[in-house]
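Student: I have a structure here, written as structure tokens, and I will follow up with some questions on it.
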Amino acid sequence: MNKKVFSYLYKKSTPMSRVLFLLLITFQALTFQSHAQKKVLPEWLAAEKKNDKLVHVLGSTIASDTDAEMPTRITVELIGTETKKATFDTFSDRGNFEFFLRPNAIYHISFEKDGYLTKMLEVVTDNIPDKDWKIGFLLELQVSMELAVDGFSEELQSSPYARCMYSAKTRKIEFDKAFSKETKAVWEKERIRCLKK
């Protein structure tokens, strides 16, 4: 649509139709951005219509200091018989992301943003019995990004902060609570050390 036509239609419309028109344009832009991110994903992180053995990872990143969604850079590394690595951004200025993991592997998923500590999540898919795949699994995440602290250990930031794996008891992919509790304590100890400097 050229600028003259757009300008004419906008001037002739009522205030309510202008709002609806702007909402439609915003929705289309967000939909386009969502599709753009999915197109950037490599084949080994994309959905497959005929494959039920997928872990659908869906979520958002938020700033811990404001609780607002924020964009981050995500790196997914496949650790298995074959190592693969992909880096991509969340949707535009929002922190939403979506990708798919395959069975029989360990994945390290890192979330990075300038001014914040890098967080890594480990997802284990190699302990899921074939009979329990059925229609796949959904792993919903909300990653809270913490403000950077001068001198914070790079080694901790490049190691898993949390781990998710299959639970035979619930037949779901869940967080390993003992691992998370231990890691959180180590991070807090490191934060206190850095702040005392």
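Student: Once each part is reduced to its C-alpha centroid, what is the distance from the stretch 135-192 to the stretch 82-100 in angstrom?
Tutor: A separation of 18 Å, based on Cα centres.
Student: Now for a different question. Cβ neighbours within 10 Å, averaged per peptide: list 111-122, 64-75 in order, most packed at the top. Walk me through the intermediate numbers first.
Tutor: On the way: 111-122: 18.0, 64-75: 14.3.
Those peptides, ordered most packed to least, come out 111-122, 64-75.
Student: What percent of all Cα-Cα pairs in the stretch 103-149 falls in each 5 Å bin, counting up from 0?
Tutor: 5, 16, 20, 20, 13, 10, 8, 5, 2, 0
Student: For Cα pairs less than 8 Å apart in space and 6+ apart in sequence, what is the mean separation divided by the residue count of the stretch 122-190, i.e. the relative contact order in percent? It would help to have the intermediate numbers written out before the result.
Tutor: Working: 51 pairs, mean separation 25.9, N = 69.
Once divided by the residue count of the stretch 122-190, the mean separation gives 38 percent.
Student: Treating cross-link reach as a plain straight distance, find the aspartates and glutamates whose alpha-carbon is under 18 Å from the alpha-carbon of LYS172, omitting any fewer than eight places away in the same chain.
Tutor: Filter leaves ASP52, GLU122, ASP126, ASP130, ASP132, GLU140.
Student: Compute the distribution of all C-alpha to C-alpha distances in the stretch 43-195, in bins of 10 Å from 0, and list the percent of pairs in each, rounded to whole numbers.
Tutor: Calculated P(r), rounded to whole percents: 10, 39, 35, 13, 2, 0.
Student: Would you mind checking LYS85/LYS184; LYS50/LYS181; LYS50/LYS184; LYS134/LYS184; LYS84/LYS113; LYS85/LYS134 for any pair whose Cα atoms are more than 30 angstrom apart? Mind dumping the intermediate values first?
Tutor: Numbers: LYS85/LYS184 26 Å; LYS50/LYS181 38 Å; LYS50/LYS184 39 Å; LYS134/LYS184 34 Å; LYS84/LYS113 22 Å; LYS85/LYS134 27 Å.
LYS50/LYS181; LYS50/LYS184; LYS134/LYS184, as the Cα separations exceed 30 Å there.
Student: So in the stretch 49-197, what percent of DSSP beta bridges are antiparallel if you round to the nearest 5? Display every interim value, and only then the final one.
Tutor: On the way: 31 of 43 bridges.
Counting only bridges with both partners in the stretch 49-197, antiparallel ones make up about 70 percent.
Student: Can you tally the net charge around LYS84? Count Lys and Arg as +1, Asp and Glu as -1, for every other residue whose Cβ sits under 11 Å from the Cβ of LYS84.
Tutor: -1
Student: In the neighborhood of GLY59, defined by Cβ-to-Cβ distances under 13 Å, what is the net charge if each Lys or Arg adds +1 and each Asp or Glu adds -1?
Tutor: -1
Student: Taking +1 at the Cβ of each Lys and Arg and -1 at the Cβ of each Asp and Glu, which of LEU101, TYR161, PHE179 sits farthest along the dipole of the stretch 67-197 towards its positive end, judged by Cα position relative to the Cα centre?
Tutor: Working it through, the farthest residue towards the positive pole turns out to be PHE179.
Every read-out reported here was derived from the displayed coordinates using simple, explicitly stated rules and does not represent laboratory data. Owing to the predicted nature of the structure, the values given are computational and were not obtained by experimental measurement. FYI the Cβ positions are ideal-geometry reconstructions off the backbone, even for glycines, and counts take in every protein chain you see.
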